[in-house]
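Novice: Here it is: the structure, laid out below.
Nothing in this text is a laboratory measurement; each read-out follows from the coordinates by a stated rule. None of these values were measured; they are calculated from a predicted model. So basically every Cβ, Gly included, is an ideal-geometry build from the backbone, and we count neighbours across all protein chains shown.
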Amino acid sequence: MSSLSMALRLTPYIARSKGNIRDSGLHETRLPVLAFGTVTALLLTVAAGSQVFWTWTDGLAGTYQALAVVAMVLLVIPLLTLGGSAARLAARRRDDRLASLRLLGANSATVVWMTVIESTVLAAVGALAGASLYAVVAPFLGLIQFRGQAIGTHAWLSIPSILACVLAVCLIAAVSAALGLRKVVVTPLGVRTRQTTYGAHWVRGLVAVLVVVAGVVAMGMLSSFGTFIVILGVMAGCFGMALLALNLMGPWVLKLQAMSQLKRARQPEQLLAARTVLDNPKESWRQVGGVAMTSFVGVFVGVGMAVADSMGSGAADETTLLVRDINTGVMITLLGSFLMVACSAGVNQASSVLDRAAILVALDRVGMPRKLMVSARVRAVMSPLLLVAGISATAAGALVLPLAGPTLLTRPVVFLTIGSVFAVGFLLVRLAVAAGTAQINRVLSRPARYASVDS
């Protein structure tokens, strides 16, 4: 029997298996489905809202298209990152089952196929739900005005475009799941006995710094690239690579901070919080990475508002419309970024609590106060926020400096906007942590269900 046919036969049985975590009120399969649905809905909404700009051919069309490219990159890259994270939300739980199959004799190909099938099915369900949500939102999206006219029918994407987005989300899920399976294929016993380590090497930081520096240099040389299309491509590449670099560097930065906090810990919750981050820096980054991405977006939003403010006084009719449209685009971009943070924080918090359910029950049984567990969890999530948000905003400021100049970048409206983005992003994460705290109490109130994820 081939590996694919074996995987097709085994996957439904594994998916229907009754694990302790599966019995919780928040079903493990609902988490990635929710994330994939949100990603798909926002991707389709961003694409639909931007396509109208490419139908214009007059003198201001290039300005609108450049702004559309910036907005799309600032939203699409974090959304794709969230999509990759969604494919790994239940990774530890899934890895346990698949590692058991490996130890029982299943070959690597069978395990890989099972992972790809399961993740792709979840992504497909979520993507179709997200496409349905987009269909509900599209009529309201058509009411948004640019250049004095509503978007109208341009808010509707073609069926092939929608299907392409759904397929792209499924592809992201399949690739992310297959890449995340390497530790199961290589060390199934280590995964099964919780001995697998999750490191974050310093090379991540070096690569991220080099990418941001290269982006700053490229942004300073935009005028020498000639054609408008090339300039747009360079801008999009710089912003996109910077966002990916921040996502790459994030776990390493959190690891450094946690190591420092571990050495200076004076209270039990400080020690436990630092150890939680060091146990898996990548998982910790996924819980705060949304705020880092939004902080990056917030700098561009602030600069956009400063540009609109500087153009507002004594402007001609055409320029007045451009100012109004910049403000509209800024608000839409910011709203989309906050929706991404809310989804990322909520889903990752719930997933993290369920993933650590057995550890929480064990700590409760040895006498650790629940108040201490909650305090350690809050500290483990909230402590890195200011650091990662500050680094992200600094990187965005460095990229936009060659375009905006120091005068525009230091306007009060820029600092006010960035401060507001920080405040709202922190609030969303804190609310997600509060929801996770409630889930901790639920786990500890039913310890028999969570005492072992292996049953």
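Novice: Give me a comma-separated list of calculated 3J(HN,Hα) values for the stretch 144-155, in order, Karplus coefficients 6.51, -1.76, 1.60 applied at θ = phi - 60°, integers in Hz, x for any Gly or Pro.
Specialist: The phi angles translate into 5, 9, 10, 6, x, 10, 5, 4, x, 5, 5, 6 Hz.
Novice: Additional query: For labels at SER223 and MET259 in the simple 7 Å Cα→Cβ model, what's the distance in nm?
Specialist: According to this spin-label approximation, the distance is 4.4 nm.
Novice: Tell me the label-point distance for the pair SER161, ALA435, using the 7 Å Cα-to-Cβ offset, in nm and rounded to one decimal.
Specialist: It works out to 3.0 nm between the two label points.
Novice: Packing-wise, with mean Cβ within 10 Å as the measure, how do 435-441, 281-287, 392-398 rank, highest first?
Specialist: 281-287, 392-398, 435-441
Novice: So how do 346-359, 57-70 stack up, highest first, on mean other-Cβ count within 10 Å?
Specialist: 346-359, 57-70
Novice: Using DSSP to call loops (not H, G, I, E or B), can you name the chymotrypsin sites (Phe, Trp or Tyr not before Pro) in the stretch 377-426 whose Cβ has at most 11 other Cβ atoms within 10 angstrom?
Specialist: Passing both the DSSP loop test and the Cβ count: no residue.
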